[in-house]
Amino acid sequence: MNPVVGLDVSKGESQVQVFLDKGQPFRKSFSVKHTVEGFENLLGLLKEIERLADGKQPSVILESTGHYHSPVIQFLEEQQYVYIIVNPHISHRARSTSLRKVKTDAVEAYLLCELYYKEEVEPYKKRGIQLLNLRNLTRQQETISSISAQTKVQLLTVLDQIFPEYRGVFGNLYSKVSLQTLFLFPTSEHVLNTTESILTEKIVSLCTRRSEKWAKEKAQKLIEAALRNPFQSNLYKSHIFNLKMFITIVLQYQEHLSQLETEIDALAKEIEEYKIIQSIPGIGEKIAATIISEIGGIDRFNHPKKLVAFAGIDPSVYSSGRFTATNNRITKRGSRRLRQALYMAVYCGIRDARKQKTSDTVIPRNKRLREFYDKKRDEGKPYRVAIIACANKLLHLIYALLKNKTTFQELT
């Protein structure tokens, strides 16, 4: 016997279907809640199947469902059962082979069991706890960065209706001292009703690392900006309220991101792969942490092409009869975050390393990658195609470094 349990996971519960062997469904499907009592019932079923199968543990197959399957996975790991997580694209393809258009939880669980016998599915290769923690932190960092960027746009929209000239006062509008100064003096009226000396004192108190001379220059710029400002008097108090609210939110996000960065850096330094990835020119701390957390252990891949497919940068193939497509897009079926990190790594790697050009000689951060990029461009490849080719090459290099546990410098 080769028993399998199919779970169609949804929020808070799963539909269960059991097969004792190929073409031998066992009982009708039923639903279990993701609670202690529900998992006890599921465990009882698993033990019963194990007895019927002469001591052979049943495999459990389920579809990847974001975070909904997390309690199920934790239960299966605690009970030491083998489980298989199927990509939704694979299960959808198996479902579409049927002429009937039926989609229910019971049918989904049944089809997952059939898929187990049809496809060469492999048990899920678990990531280490450290890498999972790192992945959670880097994904949270990306989410907060995205929300923070949207909030900054909203802040700028309100600022344009109150104090547009404020933009040039500080080098970075969104720096801590700039936002705190704007919070205290959000309009021209607030600035012009305050003396230069008081403005200077306030800026000095907000940025103790800088000199009083620097603060005085900023105070003078602030007064000049207030005099140029087209909105000398503000008619809408709601704008001021919204501006201060957005400033508070952006400052909070900056604090959260700073804490996340510290936590990520501390955790990543304990992982050997982090130093290996960071040895590649053009890859900094943030990109390295994202790459290793998304890959989740190089032993999960027995060939570099599988890693390339996981990143979704492998070219799609279309051929029918005598026609074979030549302009094929990448599949984008894998990890979006890994794809983005590789793009940034390539972009940083092929850039000129000089801060200020003193000659026309190009000194890229990653010489090998830049030579490959130039080669592709000389062949007439468009920019995006050349970048994807570089990302593919870079991922092969990362695979080799992680497999051999060598740094980029040691390889060269």
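The values are calculated or read from the model by the stated rules, or taken from the named source; none is laboratory data. Treat the numbers as computed from the prediction; the structure is a model and nothing was measured. All Cβ positions, glycine included, derive from the backbone under ideal geometry; neighbour counts span all protein chains shown. Accessible surface areas use protein heavy atoms only, side chains included; no ligands, DNA or RNA. Shrake-Rupley method; radii C 1.70, N 1.55, O 1.52, S 1.80 Å.
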Next item on the list: Determine, for region 191-293, the count of lysine pairs separated by eight or more sequence positions (or lying on different chains) whose alpha-carbon distance falls under 28 Å.
Entry: 15
Notebook entry, point to check: Accessible area of Val153, 1.4 Å probe, to the nearest 10 Å²?
Noted result: 90
Check: Top mean-square fluctuation among Gln278, Gln340, Gln232, Gaussian network model of the chain, C-alpha springs under 10 Å?
Finding: Gln232
Margin query: For a quick check of understanding: with a 1.4 angstrom probe and all protein chains in place, what accessible area in square angstrom does His89 have, to the nearest ten?
Written below: 100
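Once you charge only the Cβ atoms, +1 for Lys and Arg and -1 for Asp and Glu, what is the size of the charge dipole of the chain about its Cα centre, to the nearest 20 debye?
Numbers: 61 positive and 44 negative charges, 300 e Å.
So the magnitude is around 1440 debye.
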Check: Roughly what would the spin-label model give for Tyr174 and Arg329, points 7 Å off Cα along C-beta, in nm?
Finding: 2.9
Margin query: I'd like to know which of Gln409, Thr157, Tyr347 lies farthest towards the positive end of the charge dipole of the chain, counting +1 on Cβ of Lys and Arg and -1 on Cβ of Asp and Glu.
Written below: Tyr347
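Sorted by packing (mean other beta-carbon atoms within 10 Å per residue), highest first, where do 179-189, 37-47 land?
Per-residue mean Cβ counts within 10 Å order the peptides as 179-189, 37-47.
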Checklist line | Long-range HN-HN contacts of Ser10 with modeled amide H, under 5 Å | finding: Gln15
Checklist line | Heavy atoms of His303: accessible area, 1.4 Å probe, square angstrom to 10 | finding: 80
Check: To the nearest 10 degrees, how steeply does helix 129-159 sit against the main Cα axis of the chain, on a 0 to 90 scale?
Finding: 40
Check: Can you tell which of Asn234, Val250, Cys390 lies farthest toward the positive end of the dipole of the chain, using +1 and -1 charges on the Cβ of basic and acidic side chains (Lys, Arg; Asp, Glu)?
Finding: Cys390
Next item on the list: Taking the Cβ of Leu43 as the centre, find all other residues whose Cβ is under 15 Å away and add up their charges (Lys, Arg: +1; Asp, Glu: -1).
Entry: -3
Note to self: Just to confirm a number: summing +1 for Lys and Arg and -1 for Asp and Glu over residues other than Thr194 whose beta-carbon lies under 11 angstrom from that of Thr194, what do you get?
What the structure shows: -2
Margin query: Between Ile247, Ile292, Ile387, where does the largest GNM mean-square fluctuation fall for the chain, given springs only between Cα atoms within less than 10 Å?
Written below: Ile247
